[in-house]
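Only one structure is covered here, and it is reproduced in the block below.
The values are calculated or read from the model by the stated rules, or taken from the named source; none is laboratory data. Everything numeric here is computed off the predicted structure, so don't read it as measured data. Backbone-built Cβ (ideal geometry, glycine too); neighbour counts: all protein chains shown. SASA here: full protein model, heavy atoms, side chains in, ligands and nucleic acids out. Shrake-Rupley method; radii C 1.70, N 1.55, O 1.52, S 1.80 Å.
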Amino acid sequence: MPKYEPRELEKKWQARWDAERVFAAKEDASKEKCYILDMFPYPSSNGLHVGHPIGYIATDILSRKRRMDGKCVLHPMGWDAFGLPAENYAIKIGGHPHDITQQSVANYIRQLKLIGFSYDWEREINTSLPSYYKWTQWMFLLLYKNGLAYKKQAPVNWCEFDHTVLANEQVVDGKCERCKNPVVQKNLSQWFFKITDFADRLLEDLDSLEWPEKIKAMQRNWIGRSEGAEIDFRGHTPDGGEFDLTVFTTRPDTLFGVSAVVVAPEHPIVERLTAEAERGAVAAYIEATKRKSEIERTGTDQAKTGVFTGAYAKHPFTGEDVPVYVADYVLPQYGTGAVMVVPAHDERDHAFAKTYGLRITTVVEPVTGTPQENPEYRRSIVALVEDPSSKKVLSINWGSSMGGHLLVGGGRDENEDPEACARREILEETGYADLELVGMSETIHHNYFAHSKNVARAIDAIGLHFRLKSDRRASTALEANEEGKFTVEWLSFEDAATKVSDPLHAYVLQKFAFDRPYTDDGILTGSGAFDGLASADARKKITAALEAEKKGRKQVNYHLRDWLVSRQRYWGAPIPIVYCDEHGEQPVPEEQLPVTLPDDVDFRPTGESPLARSKKFHDVACPKCGKPAKRESDTMDTFVDSSWYFLRYCDPKNESAFADKAKVDYWCPVDTYVGGAEHAVLHLLYARFFTKVLFDAGFVKFKEPFTRLKNQGLILGEDGEKMSKSRGNVVNPDDVIAEHGADAFRLYEMFMGDFEQVKPWSTSGIIGQRRFLERVWKMQSGAAETPAKLRSLLHKTIKKVTEDIEAFKFNTAISTMMIFVNENEGAQLSNADYEAFLKILSPFAPHITEELWEASGQKELIALAPWPAYDAALTVDSEVEIALQVTGKVKDRITVPVDADDKELERLAMENEKVKAALEGKTVKQVIVVKKRLVNIVAV
RNA sequence: GGGGGUAUGGCGGAAUUGGCAGACGCACCAGCCUUAGGAGCUGGCGGGGGAAACCCCAUGGAGGUUCAAGUCCUCCUACCCCCACCA
């Protein structure tokens with residue numbers, strides 16, 4: 001046997017796969033199809049580092065295995081090739097983005113081929129080529145014709161320094177990602193896609209997907225559906241002006257706690273509602289808001305500022321006048337751009353009310369704890385005693401088993417005054433007597449289960465806030481059963497907040513010590529006819545009452561906004577629209593597509609779209625009348641390109657359609673989709689949106705593009721930090737492969753740990769995989785028959801590897817194969833069994849297994865060989881080792897027949913010498929037998 | 001502030017879903033082989049005690065349920081990711 005020289009044989013097999021077109025996908029209606037897809041990369045000029053291919057290796061293993069299963073596999077690769085980095089780099093070095101992209105693509109292909117992936121390279125796509133973006137433009141027109149693409153004036157992120165619009169993702173902490181200068185808002189006429197029309201469908205269909213919960217949660221979050229109500233306030237100014245102002249709230253149950261109405265500074269009504277006397281102040285405030293940067297405006301820890309407008313709004317039910325303010329904590333683009341201020345039940349409103357001295361009225365009584373069945377009713381008090389000189393609160397420590405730290409609490413008789421009751425309890429338990437009452441809470445509805453008395457309780461509690469006037473203490477008067485059960489401690493506010501865990505006491509602490517408003521649901525109070533209702537019920541009833549009086553309505557709002565797709569940049573797909581003086585906005589007729597990028601243009605950003613500078617491009621004839629017209633000069637967001645690319649792979653060279661319908665019907669949807677979690681929202685949401693648009697238009701038969709999604713975990717540098725050029729911890733796969741070969745590299749990436757978990761790279765770790773392959777290289781076969789024990793191990797290994805590949809548990813699949821190889825010494829394997837092992841290893845290490853397969857006398861490729869079946873009977877042992885425990889401690893291990901019954905196992909355990917010794921002088925209380933696992937003899 | 005996740009030897013990570021914690025690999029240690037070793041082979045390798053048999057402790061922390069807990073429940077801590085003045 002020659003030495004294992006990975007590089008030599010890897011080149012050999014890669015060349016043969018290419019030459020024989022082994023991985024070219026062909027539709028075959030008689031076979032089950034399987035579409036396994038990687039998120040296509042943006043070909044960066046930096047090339048791939050070792051973190052990138054982990055997902056590609058996983059999909060390659062799955063694809064190779066599924067091909068061997070006899071399935072028809074589509075496993076393509078392509079390039080998300082439009083985008084800013086290539087354009088910026090071109091500007092920097094004075095080249096053209098097209099050339100730079102082509103160079104990067106060539107380098108990516110070289111690197112990917114080095115790793116030995118089984119892509120169908122004949123289906124390679126590139127979003128920056130006219131043959132592709134013709135269909136991106138076609139998609140735009142499809143949306144346009146269905147009323148889903150529209151142009152409107154909108155505020156966008158604008159970088160003053162780079163003179164360009166920036167996508168949201170290019171704005172980092174309110175600054176331009178590239179030049180780090182602050183980003184300002186600018187009003188520009190922009191193209192949007194109406195993704196908001198699909199909000200509910202995008203939300204509902206998530207349930208049907210085999211996606212990580214995390215990604216689904218992020219999408220739900222991004223869509224941000226919130227149910228609530230719009231409420232109309234009738235307003236007036238002292239100058240006799242009148243106006244209608246509608247607010248949006250998710251908490252109509254708190255309507256009776258309104259003490260002001262606030263509108264966003266950008267709200268168009270501000271002009272009308274501002275009283276003459278306040279105009280100066282309001283204008284100054286709006287001006288100040290404009291000067292604020294994104295971060296200053298939207299930081300959650302910013303102080304709540306605002307200005308009174310002089311106007312008042314009438315409460316829709318009580319008719320009371322509440323003041324109207326302008327404040328920048330209200331955002332113009334969400335809801336109606338106006339909110340009702342309920343200081344008692346919203347953190348921001350609370351802070352605002354504190355600053356401007358607004359009334360704080362409790363209209364929702366708190367509910368704490370978990371409601372129980374058939375509770376006993378009680379009354380109680382909870383007293384917070386504060387020592388103002390030391391800023392500490394009085395706590396009673398009952399010990400960890402009795403509820404831990406509490407404030408002072410106690411039961412209250414039906415007619416007892418809460419203050420008197422609290423003073424009595426404080427005196428009895430702590431002895432403090434010189435107290436001043438400074439606050440009393442609303443009724444708190446507390447539910448809990450009293451384990452000591454085995455009874456459920458519903459308690460109406462009153463919280464009281466006392467200040468210590470002096471530390472004069474009387475002697476305590478404890479009941480006999482309370483003596484010595486607790487200690488009295490003074491805790492800092494912060495200590496108390498972490499130590500007091502009982503929900504009732506914690507609420508009282510938060511209310512008095514930290515002045516926190518109650519923002520959860522509860523029981524209505526001070527709300528007229530709605531008193532006593534639970535919040536959820538009250539929301540419905542109050543909304544219904546508003547509707548009946550035509551003063552409001554049920555309303556659903558979404559965080560999701562329409563998708564802004566215009567970009568004032570060169571390196572993207574031109575938007576296929578023409579503007580005619582006579583006929584206005586005109587779509588470019590389909591037969592004129594693609595609208596190609598001009599190559600004679602200076603694409604340096606100056607503020608206007610570079611395409612507008614090309615006369616050849618810009619001056620066209622109106623498609624309708626033929627008179628001179630102007631072409632739209634914006635390009636599309638690159639996320640448009642990637643929203644439909646998975647369809648193009650089905651039929652990448654089609655010139656008359658984005659793909660042949662029969663081919664799309666055959667291959668789609670994608671069965672397994674793999675990529676990084678950074679695309680959790682944007683790309684995956686947009687692709688889902690496009691799929692629904694195409695479904696509605698009858699082009700595809702499925703509503704969701706990606707049935708199963710897996711996210712690869714990030715690979716960190718050896719220092720445990722994210723790999724980056726600036727940190728200097730980037731590892732290049734080229735170097736690793738040059739030293740140990742692609743097979744060792746593939747195995748190591750898969751062996752490192754759980755596929756979806758973050759994990760650091762270790763260059764020394766890869767040697768283990770190289771050693772494993774060296775052992776495989778030296779494995780021998782030729783025995784007439786494999787020994788029974790090894791044969792059984794082989795079949796268990798086949799079973800485990802088969803199941804683990806499907807479940808993306810590649811790390812344990814590899815360790816199982818290592819165990820098999822470690823167990824295998826000398827020429828014990830039959831040729832057939834040896835070859836079966838090579839087959840299950842082949843998706844992981846395709847090159848070495850092709851070589852050994854050939855050396856074993858096979859003429860066909862192992863990549864085309866059938867996946868071995870395992871004999872289920874051989875995966876089950878006839879004997880198993882079980883543990884013998886005495887009271888949970890293992891005393892011995894014995895080997896027993898696998899089908900031994902409980903009685904037999906118990907007998908064997910009782911007869912065991914070590915068990916007998918451990919049972920010496922003890923009485924057996926119970927024997928637990930778990931077949932194939934253990935016998936546990938409980939003895940005292 | 002909201003949502004999601006993670007925590008197991010020196011390190012990466014296993015653990016049949018409640019049943020023998022530490023599989024597999026790296027690193028390390030000892031021995032063999034070798035002129036040599038960044039090669040190969042054999043053995044060891046969570047901590048503590050003990051000559052040994054064996055005993056005790058141990059899966060971020062504290063409680064709990066159970067014959068049995070890394071796994072289930074309650075509370076807490078630390079770190080990571082995403083979103084965030086969204087009313």
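Quick look at the numbers
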quantity	calculated
Test for A:Tyr150: is it under 30 Å from the mean Cα position of the chain (by Cα), farther than 16 Å from A:Asp634 by Cα, away from RNA strand B (no atom under 16 Å from the Cβ) and not acidic (Asp, Glu)	no
Some residue of the stretch A:185-201 being within 16 Å of RNA strand B (Cβ to nearest atom), within 30 Å of A:Leu143 (Cα to Cα) and within 18 Å of the chain's Cα centre (by Cα)	yes
Selection from the stretch A:694-731 of residues that are in contact with a strand residue (DSSP E or B) (Cβ under 9 Å, 6 or more places away or on another chain) and away from RNA strand B (no atom under 12 Å from the Cβ)	A:Pro705, A:Phe706, A:Thr707, A:Arg708, A:Leu709, A:Lys710, A:Gln712, A:Gly717, A:Met723, A:Asn729, A:Val731
Residue that is surrounded by the most Cβ atoms within 10 Å (Cβ to Cβ), among those in the stretch A:370-406 that are more than 16 Å from RNA strand B (Cβ to nearest atom) and outside any strand (DSSP E or B)	A:Pro375
Hits in the stretch A:220-245 - residues which are over 32 Å from the mean Cα position of the chain (by Cα) and within 11 Å of RNA strand B (Cβ to nearest atom)	A:Ile231
Qualifying residue in the stretch A:116-126 (condition: on the phi > 0 side of the Ramachandran plot, of a type outside the set (Phe, Trp, Tyr) and surrounded by fewer than 18 Cβ atoms within 10 Å (Cβ to Cβ))	no
Of all residues making up the stretch A:486-500, the number that are polar (S, T, N, Q) and touching a Lys or Arg at 6+ places or on another chain (Cβ under 9 Å)	1
Verdict on A:Ser226 being in contact with a strand residue (DSSP E or B) (Cβ under 8 Å, 6 or more places away or on another chain), over 30 Å from A:Leu709 (Cα atoms) and of a type in the set (Ser, Thr, Tyr)	no
Residue that is farthest from RNA strand B (Cβ to nearest atom), among those in the stretch A:775-786 that are open to solvent by 50 Å² or more (accessible area, probe 1.4 Å) and in a helix (DSSP H, G or I)	A:Lys778
Residue within the stretch A:10-20 that is among the aromatic types (Phe, Trp, Tyr), closer than 16 Å to A:Arg123 by Cα and in contact (Cβ under 8 Å) with a residue 60 or more places away in the chain present	yes
Filter result for A:Pro97 (more than 30 Å from A:Glu860 (Cβ to Cβ), open to solvent by 10 Å² or more (accessible area, probe 1.4 Å) and not small (Gly, Ala, Ser))	no
Residues located in the stretch A:749-767, provided they are near RNA strand B (Cβ under 6 Å from one of its atoms) and either closer than 19 Å to A:Pro843 by Cβ or in contact with a helix residue (DSSP H, G or I) (Cβ under 7 Å, 6 or more places away or on another chain) (or both)	A:Met752, A:Gly753, A:Asp754, A:Gly765
Breaking point among (1) of a type outside the set (Phe, Trp, Tyr); (2) free of Cβ contacts under 8 Å to residues at least 12 places away in the same chain; (3) open to solvent by less than 60 Å² (accessible area, probe 1.4 Å), for A:Lys789	(3)
A:Leu427 open to solvent by 40 Å² or more (accessible area, probe 1.4 Å) and at pLDDT 90 or above	yes
Residue in the stretch A:566-588 that is out of contact with any helix residue (DSSP H, G or I) (no Cβ under 6 Å at 6 or more places or on another chain), among the hydroxyl-bearing types (Ser, Thr, Tyr), closer than 30 Å to A:His618 by Cα and open to solvent by 30 Å² or more (accessible area, probe 1.4 Å) present	yes
Out of A:Asp671, A:Asp734, sole residue that is at pLDDT 95 or above and of a type outside the set (Ser, Thr, Tyr)	A:Asp671
Spans of helices (runs of 4 or more DSSP H) in the stretch A:529-643 with at least 1 residues farther than 16 Å from A:Tyr133 by Cα	A:535-548, A:615-618
One residue from A:Ala869, A:Ala863 being surrounded by 19 or more Cβ atoms within 10 Å (Cβ to Cβ), more than 16 Å from RNA strand B (Cβ to nearest atom) and small (Gly, Ala, Ser)	A:Ala863
Options A:Glu678, A:Glu655; residue that is of a type in the set (Asp, Glu), away from RNA strand B (no atom under 16 Å from the Cβ) and either outside any helix (DSSP H, G or I) or modelled with pLDDT under 95 (or both)	A:Glu655
Qualifying residue in the stretch A:798-806 (condition: within 12 Å of RNA strand B (Cβ to nearest atom) and not acidic (Asp, Glu))	yes
So A:Phe256, is it open to solvent by 30 Å² or more (accessible area, probe 1.4 Å), hydrophobic (A, V, I, L, M, F, W, C) and under 38 Å from the mean Cα position of the chain (by Cα)	yes
One residue from A:Asp495, A:Asp599, A:Asp521 being among the acidic types (Asp, Glu) and modelled with pLDDT of 85 or more	A:Asp521
Hits in the stretch A:810-838 - residues which are in contact with a strand residue (DSSP E or B) (Cβ under 7 Å, 6 or more places away or on another chain), open to solvent by less than 40 Å² (accessible area, probe 1.4 Å) and in a helix (DSSP H, G or I)	A:Tyr834
In the stretch A:921-937, residue farthest from RNA strand B (Cβ to nearest atom) [restricted to those that are exposed (fewer than 15 other Cβ atoms within 10 Å of the Cβ) and under 48 Å from the mean Cα position of the chain (by Cα)]	A:Lys932
Answer residue from the stretch A:872-887, given it is touching a helix residue (DSSP H, G or I) at 6+ places or on another chain (Cβ under 6 Å) and either open to solvent by less than 40 Å² (accessible area, probe 1.4 Å) or within 11 Å of RNA strand B (Cβ to nearest atom) (or both) and is nearest to A:Thr816 (Cα to Cα) among those	A:Thr875
Subset of the stretch A:75-109 that is in contact with a Gly (Cβ under 8 Å, 6 or more places away or on another chain) and not in a helix (DSSP H, G or I) - its residue that is farthest from A:Tyr133 (Cα to Cα)	A:Gly83
